[in-house]
Amino acid sequence: GVKLLLHGLCSNTAVKSLDLKGNNLRTVGAEALGKLLRQNKSIRSLILEWNSLGVWEEGFSFFCQGLAANKFLQRLDLRNNQINHLGAAELAMALKQNTSLQELDLRWNNIGLLGGRALLNCLQSNRTLKRLELAGNNVPSDILKAVEQAMDHNQDRQTILRETQNQAYILNKEVLSLKDEKTKQFLDLMDTIDKQKEEIARSGRMSAARVSQLQEALDEQHSIMNSLKAKLQMTEAALALSEQKVHNLGELLNATKQEQTSMAERHFMELQQQKQEGADREGKLLRDLSAASDKNLLLRNQVDELEKKCKIQQDQLFQVKQDLTNTTAELKLRAVQAEERLEMEKRRFKQSLEDIESLRLKEVDHMAQHMEASERSMQDRIQRLEAIRIALEEELSQVKAAALTERGQAEEELIKVRNQARLEEQQRLEHLEEKLRLMTESRDEAQKCCLKQKQMVTEAQAKANQLSLHADGLRRRIEELQQDLNSKEEEKVTEVNKVKVELQEQIGHLQAERTAQEGLKEKIAALERQLKALSSNHREALLDKEGEISLLLEKLRMKEADISRMREEEAQRASFLQNAIMAYVQGSPLGTHSSRK
């Protein structure tokens, strides 16, 4: 049935849309469809959804051959037709030759990776397809993105072609209007020539009448001349007198002629000066044009140099980032080593404190017997502990100072490099400021996190300083206690008990502060982890943005190439139109009349 229907539609010129959805077409139907596409010239839309045409490879290849030969179909729907990668390859071959199809729907088939690549390769030669649907075909996302970019490119190209066609249509209209105006001018000239001929004939008649009148007047004048001969003799005497007057008048005429010649020379000199000024102006304009072209070339060279500098600075930035990562790793290692040293020294301090406490307990038991010996041993041990603590504090201060200096240098180098990069990139990349703002915002957030961490570190340092001040206060109290022991030997037992209580309280405070320090260390470790995560996310975002920028630059280059091609085509068309207009003007009767003149 489908074969008979399609055979009847081969010669039809009225049907523009054909819907054969869900008709279980096979090889015979596919071959009939290929024959229809070759012979029919009126169908613009063909819907073949749910027909499983891809199962029959021979029939589908015949159908694709008919599609390649068709030049009138604009929309084709092949959804749910079980088309595999081989059928997609045949469709791609057909699309390379087709120049009319604008929409192709291939959703819910089995095209896969190979079929997607074949369709993507065919889009390089096909410039009319504006819409290609490939959902539900197991096609990778990168191929789908490339297909969308090709569709956008074809749409832009067709819009440009439409604009050029409109311009060509406007130019044709203008050429027709010019032809009409020239024909009107030619007719007007012919009318004026006829009128001039009529006026010449009239003037000839009038002149003949005047000649006859003049001959009559001449006859009358002959008679008068005879009478005047007599009078001439009388006038000869008067002529002698008048000759003198004529001589005087001749001198006056010569003087006036000389003045007129001088005036003419002056006018000629002024005209020559004006011509020279015009020639100088033309030379200046030509020089300005050459200078402008040289400036354009210099600007282009500068743009190329700036691009090279930007690339070099990007490489430098990457190296600086690597150096920063290395320095941060070194700083972290040093901080870990310093923390390990602190822990070891704290353990030693704890052991020494435990030893001191045991000794003090023994000294309290034997206070009555060996008070003086215990006081001396306590003083010696306190001095040793103070020396150990001072050494530890000096090592901590040195490590912190080195870390701060290294961080400051790294930050200064970063700030210098960033300032240079910003100053050089702001001149060239003003149109990408919005995207770079997002990058700067993320960078500012990372800097804020770093500042917060620095604040936490400074707070920890302040707490450490408070602890050192507290230790100094304890020293002062111990000295006061020693003075009290020297002055009041009787109250030593009570004071020793008080000192024990105070030391136990201080040990509790120290333990609480130790736990607080451990919590701070855990917080610092968590913040460092957050910093690492933020830096990794920031790097990934930078890489994504750089990829997007490269894609945008490629799109811009492609569009510029297309625009240059279209401009060249428009220039060729304009030159053809000008040549046609000149040929028409030269071949028109108006042109022949002007050439004869």
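The values are calculated or read from the model by the stated rules, or taken from the named source; none is laboratory data. Predicted model, so just to flag it, every value in this text is computed and none were measured. When we count neighbours, we look across all protein chains shown, and the Cβ atoms used for this are built from the backbone with ideal geometry, even at glycine. Please note that ligands, DNA and RNA were not included when accessible areas were found on the heavy atoms of the full protein model with its side chains. Shrake-Rupley method; radii C 1.70, N 1.55, O 1.52, S 1.80 Å.
For LEU241, state whether it is within 60 Å of the chain's Cα centre (by Cα), modelled with pLDDT of 75 or more and part of a helix (DSSP H, G or I).
Working: within 60 Å of the chain's Cα centre (by Cα): no; modelled with pLDDT of 75 or more: yes; part of a helix (DSSP H, G or I): yes.
The answer is no for LEU241.
Taking the condition part of a helix (DSSP H, G or I) and either open to solvent by 50 Å² or more (accessible area, probe 1.4 Å) or at pLDDT 70 or above (or both), does GLU406 pass? Break it down stepwise before answering.
On the way: part of a helix (DSSP H, G or I): yes; either open to solvent by 50 Å² or more (accessible area, probe 1.4 Å) or at pLDDT 70 or above (or both): yes.
Taking the combined requirement at face value, the residue satisfies it.
Can you give me the number of residues within segment 483-492 that are at pLDDT below 70 and surrounded by 11 or more Cβ atoms within 10 Å (Cβ to Cβ)?
Counting residues in segment 483-492 that are at pLDDT below 70 and surrounded by 11 or more Cβ atoms within 10 Å (Cβ to Cβ) gives 3.
Please verify whether segment 128-143 includes one or more residues that are within 25 Å of GLY547 (Cα to Cα), part of a helix (DSSP H, G or I) and of a type in the set (A, V, I, L, M, F, W, C).
Yes, segment 128-143 contains a residue that is within 25 Å of GLY547 (Cα to Cα), part of a helix (DSSP H, G or I) and of a type in the set (A, V, I, L, M, F, W, C).
Okay, residues lined up against (1) open to solvent by less than 80 Å² (accessible area, probe 1.4 Å); (2) at pLDDT 75 or above; (3) within 44 Å of the chain's Cα centre (by Cα):
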position	(1), (2), (3)
GLU394	no, yes, no
GLU411	yes, no, yes
ILE415	no, yes, yes
LEU423	no, yes, yes
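Which condition does PHE576 not pass, out of (1) more than 30 Å from GLN167 (Cβ to Cβ); (2) loosely packed, with under 11 Cβ neighbours inside 10 Å, if it passes all the others?
Failing condition for PHE576: (1).
For the list (1) in contact (Cβ under 8 Å) with a residue 60 or more places away in the chain; (2) over 21 Å from ASP444 (Cβ atoms), I need the number of the one condition that LEU551 fails.
Single failed check for LEU551: (1).
Which ones in segment 504-534 are touching a residue at least 60 places away in the same chain (Cβ under 8 Å) and either open to solvent by 50 Å² or more (accessible area, probe 1.4 Å) or within 30 Å of ARG477 (Cα to Cα) (or both)?
In the first step, residues of segment 504-534 are kept if they are touching a residue at least 60 places away in the same chain (Cβ under 8 Å); the result is 507, 514, 520-521, 523-524, 527-528, 530-531, 534.
Hits for segment 504-534 are ILE507, ARG514, LEU520, LYS521, LYS523, GLU528, GLN530, LEU534.
Kindly indicate whether THR164 is in contact with a Ser or Thr (Cβ under 6 Å, 6 or more places away or on another chain) and farther than 18 Å from LEU556 by Cα.
No: the conditions fail for THR164.
Please find, among ILE160, ILE170, the residue that is touching an Asp or Glu at 6+ places or on another chain (Cβ under 8 Å), surrounded by 10 or more Cβ atoms within 10 Å (Cβ to Cβ) and within 30 Å of ILE563 (Cβ to Cβ).
ILE160
Within the set of pairs 6+ apart or on separate chains, which have a first residue in segment 557-570 that is within 11 Å of ILE160 (Cα to Cα), a second that is among the basic types (Lys, Arg) and open to solvent by less than 100 Å² (accessible area, probe 1.4 Å), and C-beta atoms under 9 Å apart?
Close Cβ pairs (under 9 Å, with a partner that is among the basic types (Lys, Arg) and open to solvent by less than 100 Å² (accessible area, probe 1.4 Å)) amount to ASP562/ARG157; MET566/ARG157.
Is it fair to say ASN166 is under 25 Å from MET93 (Cβ atoms), at pLDDT 85 or above and of a type in the set (S, T, N, Q)?
Numbers: under 25 Å from MET93 (Cβ atoms): no; at pLDDT 85 or above: yes; of a type in the set (S, T, N, Q): yes.
Criteria not met by ASN166.
Collect the residues in segment 110-127 that are open to solvent by 20 Å² or more (accessible area, probe 1.4 Å) and under 29 Å from the mean Cα position of the chain (by Cα), keeping them in residue-number order.
Hits for segment 110-127 are ARG117, LEU120, ASN121, GLN124, SER125, ARG127.
Could you please give the count of residues in segment 34-58 that are in a helix (DSSP H, G or I), of a type outside the set (A, V, I, L, M) and within 20 Å of TRP108 (Cβ to Cβ)?
The number of residues fulfilling the criteria is 2.
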